[in-house]
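Inspection log for the structure reproduced underneath, given as structure tokens.
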Amino acid sequence: MDQGQGFQLSTSKRRLTLFCKKLDSTIAEAREVVSNFENQRVAQEKLTAVETFTKKVEEAQQEYATSLDRPERTPSAQEAVDYEQYLAMSEMTVLAAYEVAVQLRALLRMPSSTSKRNIEEEVFHGGTLLNAVAPGYTRQVHLLRRKDSNLHLKRQG
């Protein structure tokens, strides 16, 4: 591997780590908003931030994969292991972002007469609200969880 490719890989890993950390902190803030929901404007701002940083993480994932998968080179065993670790970390972060985004969307769509407890029950117990707010979300979560469990099996095997 030449220096340029090594630099590109380390830059991709650094960007992925940076955006995952930012998304993690944004998720924590969004969870606070969900727990203490009082203001729709704040909930909308957090939802926008979660969506923005989720997109940045997904772009960084793609950039990392592209920089590793060049036709003129074969990744080393360590690079492949690093990639799997970074991918697993970022997928779990994205999964958490999807979950909190669904909660925020549910809060934003909830009529003022609906209690927060009712909305949480609908979101967490797979009620119709979840499917209405985020069609395809359940499938995405299932795919990410399956992919994560496959990674764990590969590491154990």
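FYI, it's all coordinate maths here, none of it is from the lab. Values in this document were obtained by computation on a predicted structure and should not be read as measured data. Reconstructed Cβ throughout: ideal geometry from the backbone, glycine too, with neighbour counts over all protein chains shown.
For the reader, a short list of remarks on this structure follows.
- Segment 40-52 - phi-based ³J(HN,Hα) in whole Hz, Karplus 6.51/-1.76/1.60, Gly and Pro as x: 5, 4, 5, 4, 5, 4, 5, 4, 4, 5, 4, 5, 5
- Shape category assigned to segment 39-104 from the gyration tensor of Cα positions, a/c cut at 1.5: prolate
- Separation in nanometres of the label points that stand 7 Å from Cα toward Cβ, at Arg14 and Gln62: 2.3
- Each residue of segment 100-110 is assigned a 3J(HN,Hα), and the resulting list reads 6, 5, 4, 4, 5, 4, 5, 5, 5, 8, 6 Hz, derived from the Karplus form 6.51 cos²θ - 1.76 cosθ + 1.60 (θ = phi - 60°), x at Gly and Pro.
- Qualifying GluC sites (Glu not before Pro) in segment 1-91, where qualification requires a DSSP coil assignment and no more than 13 other C-beta atoms within 10 Å, comprise Glu38, Glu72.
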